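S.K.: Right, I'll just put the structure down here and ask away after.
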Amino acid sequence: MIVSHVKQFYIDGQWVDPAEPFAFPVLNPATEEEITQISLGSKADVDRAVVAARRAFESYSQTTRDERIALLERIRAVYEARYDDFVAVIIAELGAPASLSKNAQAAVGLGHLDGVLAALKAQKFEETSANGDLIRREAIGVCGLVTPWNWPINQIVLKVLPALAAGCTMVLKPSELTPLDALLYAEVLHEAGVPAGVFNLVNGDGPVVGAAMSAHPGIDLMSFTGSTRGGVAVTRDAAATVKRVTLELGGKSPNIIFADADVEQAVVRGVQHCFQNTGQSCNAPTRMLVERSVYDKALEVAQKTAAAQEIGDPQDPGDHIGPLVSQMQYDRVQELIAAGVDEGARLLVGGPGKPEGFETGYYVRPTVFADVSNYMRIAQDEVFGPVLTIIPFEDEADAIAIANATPYGLAAYLQTGDEARATRVSRQLRAGMVHINGSDISWGSPFGGYKMSGIGREGGAFGLEDFLEVKAISRP
């Protein structure tokens, strides 16, 4: 077994038994077989972790920038040494194919670290304002970190690393569906010499451990990534103690394809991006908006591309997609595919049920709907599976209106050969990130969204700011 201490928690620099054992199986979504069992925690475990974090904050918050830079550099070295272990664990517990796990899922542990390091080196912790007052930025305190299963290491490092860089201490609750990579990361932090009590890990579910963290008076900030429903619960539970809450939630990202783009290339790229990670990405371009004059061509390319999408064993390298993470997720995706059929969308590829030859495992058929109206559930609800909806638009104004007509605002994608249009449209899209002609944001750029996609940003300087308080000091 790559990961040790699977039934224990990491508290105050040690692996400890839960207050009360509560076994929970970790399943391989490709085989539906049990990998191992973890223990789910309780409020008592959260209390113990918070006490350790508060005690450690007194000294860790006073460390120097150079000391924290050195710590992050040690973490990078240990992570690199265990890189292949992270790849293997992500394949097993998430079902992400080997190539994706190696080249993207595990790689973010290094890329985001580099972004945080650069931000830490550039951060002004003290400066004099224009009016002569001293402005200090100080660690906010003990942070509660709740992370999801779909990009597990991605979200862990986007919270743990800026917290460490800011001088904060923390309690992490990873998803109970993918806890092994978090336990492995705890081993990395321990080996890198993170001081006792600075980082603590308690496994558990949202209604028990997540709620206990959100309501805990000893936690100063809650950073949550997951569903919008979960974000609402965290915010509600945190309200009584008036702690800071940052949220990275769902998305229903538009991908606008104008007739002046390379339509074939744009559609192929859009379909493949939507299906990446089996569609289990909050920023996936799941609504393809196509200008009416090239709509038929786009449908033809989308149908061909989606039909060619391979499905396969996560253990194998290649561009295939794997299973969804769980039975619950499989059932939700099936429900929404059925809703698309019932509401009258035209099924181009895929549909309900499992792909042929994949009766075991939480596999779904890559699915594309055409002639979708933006009011349909499949155009408004986050499916979180390999399901693409295609919607025609008439002109630039119509495209912008459809793109913005969603409760979410995480990402938007724009394909056009007109540079002026790209600038003009991107400024009108209500989204936290806009990707033009296949581009992507760099390490250290802010990740986050408008509206129901969340509050705050992660990554680099903007992510570091969320873990800092601002203090003004005046002198006579």
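S.K.: Amide H to amide H under 5 Å from residue 450: which residues, 5+ apart in sequence or cross-chain, H placed 1.01 Å off N in plane?
M.R.: Residues meeting the criterion, in which the H sits 1.01 Å from N, are 409, 410, 432.
S.K.: Tell me, what does the Kirkwood hydrodynamic radius of the stretch 254-442 come to in angstroms if you use every pair of distinct C-alpha atoms?
M.R.: 16.5 Å
S.K.: In what sequence, highest mean first, do 167-173, 405-411 appear when ranked by Cβ atoms within 10 angstrom? Before the final figure, lay out each step's value.
M.R.: Working: 167-173: 27.1, 405-411: 22.0.
So the peptides 167-173, 405-411, ranked by packing, come out 167-173, 405-411.
S.K.: Classify the stretch 152-308 as rounded, prolate or oblate from the Cα gyration tensor: take a ≥ b ≥ c as the square roots of its eigenvalues, call it rounded if a/c is under 1.5, otherwise prolate when a/b beats b/c and oblate if not.
M.R.: Working: a/c = 3.03, a/b = 2.21, b/c = 1.37.
Prolate, since a/c reaches 1.5 and a/b exceeds b/c.
S.K.: Counting only helical runs of four or more DSSP H residues, what would the 222 nm mean residue ellipticity of the chain come to if each run contributes -39,500 (n - 2.57) and the total is spread over all its residues?
M.R.: -11500 deg cm²/dmol
S.K.: Looking at this model, which pairs from 7/124; 7/471; 173/304; 7/121; 159/252; 124/252 are more than 31 angstrom apart at the alpha-carbon?
M.R.: Violating the 31 Å limit, Cα to Cα: 7/124; 7/471; 173/304; 7/121; 124/252.
S.K.: In terms of the Cα gyration tensor, with a ≥ b ≥ c the square roots of its eigenvalues, is the stretch 143-245 rounded because a/c is under 1.5, prolate because a/b exceeds b/c, or oblate?
M.R.: Details: a/c = 1.89, a/b = 1.30, b/c = 1.46.
It comes out oblate by the Cα gyration axes.
S.K.: So who's got an amide H within less than 5 Å of the one on residue 256, skipping anything under 5 residues away but keeping other chains? H placed 1.01 Å off N, in plane.
M.R.: It is 289, 413, 414, 415, by chain and number.
S.K.: Report ³J(HN,Hα) in whole Hz for each residue of the stretch 328-334, in order, from the Karplus equation J = 6.51 cos²θ - 1.76 cosθ + 1.60 where θ = phi - 60°; Gly and Pro get x.
M.R.: 4, 5, 4, 5, 5, 5, 4
S.K.: May I pose another question? Trypsin sites (Lys or Arg not before Pro), restricted to the stretch 393-467: which are DSSP loop and have at most 12 other Cβ atoms within 10 Å? All intermediate terms of the calculation are to be shown ahead of the outcome.
M.R.: Details: sites: 421, 424, 427, 430, 451, 457; in loops: 427, 430, 457.
Loop-located and lightly packed - 427.
S.K.: Kindly write out, for the stretch 216-222 in residue order, the coupling ³J(HN,Hα) from the Karplus curve 6.51 cos²θ - 1.76 cosθ + 1.60 (θ = phi - 60°), rounded to whole Hz, with x marking Gly and Pro.
M.R.: Those phi angles translate into 6, x, x, 9, 9, 8, 10 Hz.
S.K.: Can you list residues from other chains, or at least 5 along the same chain, whose modelled amide H is less than 5 Å from the amide H of residue 311?
M.R.: Amide H neighbours of residue 311, under 5 Å, 5+ apart: 321.
S.K.: Continuing with the same structure: Where Rh denotes the Kirkwood radius from the mean inverse Cα pair distance, what is Rg over Rh for the chain?
M.R.: Working: Rg = 22.6 Å, Rh = 23.0 Å.
Reported Rg/Rh, Kirkwood definition of Rh: 0.98.
S.K.: Let me ask something else about it. Determine ³J(HN,Hα), in whole Hz, for all residues of the stretch 260-268 in sequence, where each value follows from phi through the Karplus function 6.51 cos²θ - 1.76 cosθ + 1.60 and θ = phi - 60°; x replaces Gly and Pro.
M.R.: 7, 7, 6, 4, 4, 4, 5, 5, 4
S.K.: Right, here's the next one. Cβ neighbours within 10 Å, averaged per peptide: list 326-339, 364-377 in order, most packed at the top.
M.R.: Taking the mean over residues of other Cβ atoms within 10 Å, the ranking is 364-377, 326-339.
S.K.: Only sites in a loop by DSSP and with at most 14 other Cβ atoms within 10 Å count here; which GluC sites (Glu not before Pro) in the stretch 336-390 make the cut?
M.R.: Qualifying residues, ordered by number: 356, 359.
Each value in this text was obtained by applying a stated rule to the coordinates, not by laboratory testing. Just so you know, these numbers come straight off a predicted model, no measurement behind them. All Cβ positions, glycine included, derive from the backbone under ideal geometry; neighbour counts span all protein chains shown.
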